[in-house]
Amino acid sequence: MSNDASVVHDSVPEQRRAERSAAERARRRLADVREATERLDRLVTGLDDAGMRAPSLLPGWTRAHVVTHLARNADGLVNLLTWARTGVEHPMYASNADRDADIEEGAGRLAQVLHEDLRAAGDRFAVAGERLTDSQWSATVVARLPAPFPASNIPSMRLFELWVHGVDLDVGFSFADISDELLETAVALAVSRHLDRPEGPSVHLRVTFPDGREATWDLVGGTEVHEVSGAAVPVIAWLTGRGDGAELTGDVPVLPAWG
């Protein structure tokens with residue numbers, strides 16, 4: 001009896017340390033999100049109505065579509081943060097059809113309205129993140145894919161959306177603008193979309209960072225393993241479908257759509 005009680009007693013501080021560590025990581029990433037949001041805000045401010053109607057780098061989407069998507073993504077992630085805080089399920093979107101309809105409808109608005117919407121959605125995300133306690137950051141939620149994950153992942157998800165769709169806006173931001181300190185995080189997030197995809201190739205990926213460090217990842221898919229290596233920035237572009245991999249070395253395969 002005393003042994004069981006000792007195990008329970010010892011596990012409580014360990015759980016709290018794990019929760020605190022996850023919360024600290026999430027809050028550090030929230031600071032990165034704020035910086036990326038401010039940069040995006042400056043870029044979008046320079047777009048007038050004609051600029052918003054111009055094509056983005058995403059086929060079939062104008063810049064207005066991308067800006068609307070970024071605003072609705074922030075609101076969808078606020079739903080997940082609310083779920084983590086309250087324990088009451090709040091799906092990211094009512095449905096994929098509703099998500100797509102909101103983007104299409106929102107893309108027809110004036111540039112000033114689009115900009116204000118994006119700024120307000122970013123503010124809502126920041127406030128929602130600030131409200132979570134250490135233990136709430138460890139709550140489990142579910143996004144568009146059915147796999148559950150801890151709420152502490154949400155700030156990184158938002159940060160990567162800002163990076164990738166900041167590139168898609170084609171207004172002067174590129175993956176090369178990601179700080180050196182965050183490049184490994186960026187590669188890991190890009191890799192995560194390709195892990196264990198049966199329709200994709202198997203890749204042993206070696207990435208070199210600006211300080212000379214190297215890291216490796218394995219994308220498990222088909223039976224043949226492709227050896228690919230390169231610098232972090234072109235690797236991110238290739239993994240996200242924003243680059244063809246021409247700057248990489250090895251047997252560089254075509255990847256399924258990143259999304």
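Please give the length that would be gained between Asp218 and Ala31 if that part of the chain were fully extended, namely 0.36 nm times their separation in residues minus their C-alpha to C-alpha distance (nm, one decimal).
64.4 nm
Among 181-189, 155-163, 62-70, how do they line up from the highest to the lowest mean number of other beta-carbon atoms within 10 Å?
On the way: 181-189: 18.0, 155-163: 22.6, 62-70: 24.4.
Per-residue Cβ counts within 10 Å, averaged per peptide and sorted highest first, yield 62-70, 155-163, 181-189.
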**Request:** Pull out a ≥ b ≥ c, the square roots of the eigenvalues of the alpha-carbon gyration tensor of the chain, then state rounded if a/c is under 1.5, prolate if not and a/b is larger than b/c, and oblate in the remaining case.
**Result:** oblate
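What is the antiparallel percent of DSSP beta bridges lying wholly in segment 96-252, to the nearest 5?
About 60 percent, rounded to the nearest 5.
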**Request:** For segment 203-259, just say rounded, prolate or oblate: build the C-alpha gyration tensor, square-root its eigenvalues into a ≥ b ≥ c, call rounded for a/c under 1.5, and beyond that prolate if a/b exceeds b/c, oblate if not.
**Result:** oblate
**Asked** So, by mean Cβ neighbours within 10 angstrom, what's the order for 232-238, 200-206 with the highest one leading?
**Response** 232-238, 200-206
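Taking 45 Å as R0, compute the FRET efficiency from the Cβ-Cβ separation of Ala126 and Asp251 and round it to 0.05. Kindly include the intermediate steps, with their values, before the conclusion.
Values: r = 43 Å, r/R0 = 0.96.
Computed FRET efficiency for Ala126 and Asp251: 0.55.
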**Message:** Using a 7 Å offset from the Cα along the Cα-to-Cβ direction at both Val113 and Glu181, what is the distance between the two label points in nm, to one decimal?
**Reply:** 4.0 nm
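Just so you know, all these numbers are worked out from the coordinates, no wet-lab data involved. The shown structure was predicted, so the numbers you read here are calculated from the model rather than taken from an experiment. Using ideal geometry, Cβ is built from the backbone for each residue, glycine included, and neighbour counts are taken over all protein chains shown.
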